[in-house]
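The values are calculated or read from the model by the stated rules, or taken from the named source; none is laboratory data. Please read all numbers here as calculations on a predicted model, not as lab measurements. Cβ coordinates were reconstructed from backbone atoms using ideal geometry, including for glycine residues, and neighbour counts include every protein chain displayed. Note: accessible area is taken over every heavy atom of the protein model, side chains too, but ligands, DNA and RNA are not part of it. Shrake-Rupley method; radii C 1.70, N 1.55, O 1.52, S 1.80 Å.
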Amino acid sequence: MGRLAQTDGLTEIQRDILATVRDFVDKEIIPVATELEHKDEYPTAIVEGMKQLGLFGLTIPEEFGGLGESLLTYALVVEEIARGWMSVSGIVNTHFIVAHMINAHGTQEQKEYFLPRMAAGEIRGAFSMSEPGLGSDVAAISTKGVRDGDSYVLNGQKMWLTNGGTSTLVAVLCKTDEGGSTPYRNMTTFLIEKTAGFGPNPTVPGLTVPGKIEKMGYKGVDTTELVLQDVRVPADRVLGGVPGKGFYQMMDGVEVGRVNVAARGCGVARRAFELGISYAQQRTTFGKKICEHQAIQFKLAEMATKVEAAHQMMVMAARKKDSGERNDLEAGMAKYLASEYCKEVVEDAFRIHGGYGFSKEYEIERLYREAPMLLIGEGTAEIQKMIVGRRLLEEYRLAD
């Protein structure tokens, strides 16, 4: 297993969970990941295996049928899964975010209705905030929900839904003009149940998932648009039961999502390091293994240092959130560092492979296409630096 990316202070249960997931990744994911990725095929058998392991309910409280584990446990599990195939970690990530939002902000009825079936993997969640003309500027949201008796009528177009087609529950952020004087107090999160699949939804009139967006990497998992035309949603499906709180609910979800993206970066970087150091001990140039060349040893040393630093930063951010403290500073740092280091470690492993790294026969080619998604997922590096900078100024502000 190697000494990199180890985590001190884990309980026996946490170590057992990670050992089980690591074994699952080595036996069920890594051997088929590249083939499925090249076909852009949804990993149905892998998802069924994760359901049997209880991973869809990992952080859902035991009272609702989950395992009741911490964000740290979840992040370490995601790191292991992403080491096998990053797309699989994406399948559980949006589900995890929606479950977290319902558990943290939902009404008791919403928790009792959704969480047990989410824990069993019967309901799988998707998270919908972005829009075609909306990047990081959430205040510019245009999808709108208008109150009509005991329901809301939703109209608009959402973008970049991971699990948009395969999910059966979508948390959708809309503008509702009910909360207050600022744009951030005029947003509401709606919980929309739907049938899995593409095209017009047979159980939700007016809701359409047009099809999969073709991507450079991050294949297998479906990424989609979501079109809403006079979609009627009961008022009791407003997350938390009160309109106007959607922005803050979504940001809480994004905050834990940033720890998840950091964990994915750690997992992909660790796999790239493993591939690089393995290949360096097999390839011979100028009469000796390339790992004996000082230039390659320097590169391996830099890669390993980045893997270790990113892992420890991710662990710190997860533990901060688990403690109940504000962790936007640490989550932003972790997401920024892990995604940037992941890109660099993957590129160095690609360079070590030489021309073979450009071949689809080698796993590093897939990682090279997957790493860029982490640079923009859950907020770009620039957004993370803005968040971190503002928080630092709060912490170190000079007295007037």
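Summary table
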quantity: The chain, relative contact order in percent, only Cα pairs under 8 angstrom and at least six apart counted; calculated: 16
quantity: The chain: most fluctuating residue of LYS215, LYS320, LYS343 per GNM, C-alpha cutoff 10 Å; calculated: LYS215
quantity: At 1.567 mPa s and 4 °C, Stokes D of the chain from Kirkwood alpha-carbon radius, µm² per second; calculated: 60
quantity: Region 199-290: chymotrypsin sites (Phe, Trp or Tyr not before Pro) in DSSP coil with no more than 16 other Cβ atoms inside 10 Å; calculated: PHE286
quantity: For peptides 92-102, 362-372, 113-123, sequence by mean Cβ density within 10 Å, most packed first; calculated: 92-102, 362-372, 113-123
quantity: Region 1-93 shape via C-alpha gyration tensor axes, a/c threshold 1.5; calculated: oblate
quantity: ARG319, ARG3, ARG185, ARG22, reordered so the largest accessible area comes first (probe 1.4 Å); calculated: ARG3, ARG185, ARG319, ARG22
quantity: Folded to 0 to 90 degrees: helix 44-53 orientation relative to the chain principal axis, Cα; calculated: 80
quantity: Cross-link reach list, lysines versus LYS306, counting only Cα pairs under 30 Å and skipping chain neighbours closer than eight places; calculated: LYS27, LYS215, LYS219, LYS288, LYS289, LYS320, LYS321, LYS335, LYS343, LYS360, LYS385
quantity: ³J(HN,Hα), Karplus 6.51/-1.76/1.60, whole Hz, each residue of region 211-221, x for Gly, Pro; calculated: x, 6, 7, 6, 10, 5, x, 6, 8, x, 6
quantity: Cα gyration tensor category, rounded, prolate or oblate, for region 217-326 with a/c compared to 1.5; calculated: oblate
quantity: For the chain, built as a Gaussian network whose Cα springs stay under 10 Å, the top-fluctuating residue of ARG15, ARG283, ARG270; calculated: ARG283
quantity: Protein accessible area in the chain, 1.4 Å probe - carbon and sulfur %; calculated: 52
quantity: Acute angle (nearest 10 degrees) that the helix 108-119 long axis makes with the longest principal axis of the chain, alpha-carbon atoms; calculated: 30
quantity: Distance from region 109-182 to region 237-258 (C-alpha centre basis), Å; calculated: 9
quantity: Using θ = phi - 60° and Karplus 6.51 cos²θ - 1.76 cosθ + 1.60, couplings along region 84-90 (whole Hz; Gly, Pro as x); calculated: x, 6, 4, 4, 5, 5, x
quantity: Under-5 Å amide H pairs with GLU131, H placed in peptide plane, nonlocal only; calculated: MET159
quantity: Estimated vicinal HN-Hα couplings, Hz - region 245-254 in sequence order (Karplus 6.51, -1.76, 1.60; Gly, Pro = x); calculated: 10, x, 4, 5, 5, 5, 5, 5, x, 5
quantity: Among SER339, SER278, SER142, residue whose mean-square fluctuation peaks in a GNM of the chain (springs only between Cα atoms under 10 Å); calculated: SER278
quantity: Relative contact order computed over region 187-266 (Cα-Cα under 8 Å; 6+ residues apart), in percent; calculated: 33
quantity: Heavy-atom accessible area per residue - the chain, 1.4 Å, Å²; calculated: 43
quantity: Probe 1.4 Å - accessible area at ILE13, Å² to nearest ten; calculated: 110
quantity: Distant-in-sequence amide H partners of VAL231 (H built 1.01 Å from N, under 5 Å); calculated: LEU154
quantity: For THR143, residues with placed amide H under 5 Å, excluding near neighbours; calculated: GLN157, LYS175
